[in-house]
Amino acid sequence: MDQTQNETNQNVSYLPFGGGPGKCISETFASFENVVVAIEMLIRRFNFQTAPGAPSVKMTNRIHNTEGLKLMVTKRTKPLD
């Protein structure tokens with residue numbers, strides 16, 4: 001099978017959502033879902049608590065804080081169902 005000119009110019013082997021005008025309209029949603037699933041898996045397997053002596057959280061806006069978030073992460077003895 002011959003490669004088209006476009007395929008030989010690109011250094012990629014996998015484009016799950018395509019590109020250009022035929023690009024998948026659900027790419028943003030699917031990428032967001034990947035993050036949600038990863039966070040869900042972490043929450044099921046680990047406990048998250050504010051670290052002892054951590055500074056109080058000061059928010060710059062709804063999603064950013066000034067000092068970061070200091071957490072103590074411990075593995076759950078039994079994952080959540």
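Every number in this text was worked out from the coordinates using simple rules, so none of it is lab data. What you are looking at is a predicted structure, and each value in this text was computed from that prediction instead of being measured. Heads up, the Cβs are rebuilt from the backbone with ideal geometry, glycines too, and the neighbour counts pull from every protein chain shown.
Among residues other than G53 whose Cβ falls under 14 Å from its Cβ, what is the net charge (Lys/Arg +1, Asp/Glu -1)? Every neighbour counted, the sum reads 0. In this structure the amide hydrogen of F46, modeled in the peptide plane, comes within under 5 Å of the amide hydrogens of R76, none closer than 5 places in sequence on its chain. Sequence-ordered 3J(HN,Hα) estimates for segment 24-32 from the Karplus curve with 6.51, -1.76 and 1.60 and θ = phi - 60° stand at 5, 6, 9, 4, 5, 4, 5, 5, 5 Hz, glycine and proline given as x.
Rounded to 0.05, the FRET efficiency of the T66 and F17 pair, given R0 = 41 Å and the Cβ-Cβ distance, is 0.70.
In order along segment 60-73, the phi-based Karplus estimate (6.51 cos²θ - 1.76 cosθ + 1.60, θ = phi - 60°) of 3J(HN,Hα) comes to 8, 7, 5, 10, 10, 10, 7, 9, x, 10, 8, 10, 10, 10 Hz; Gly and Pro are listed as x.
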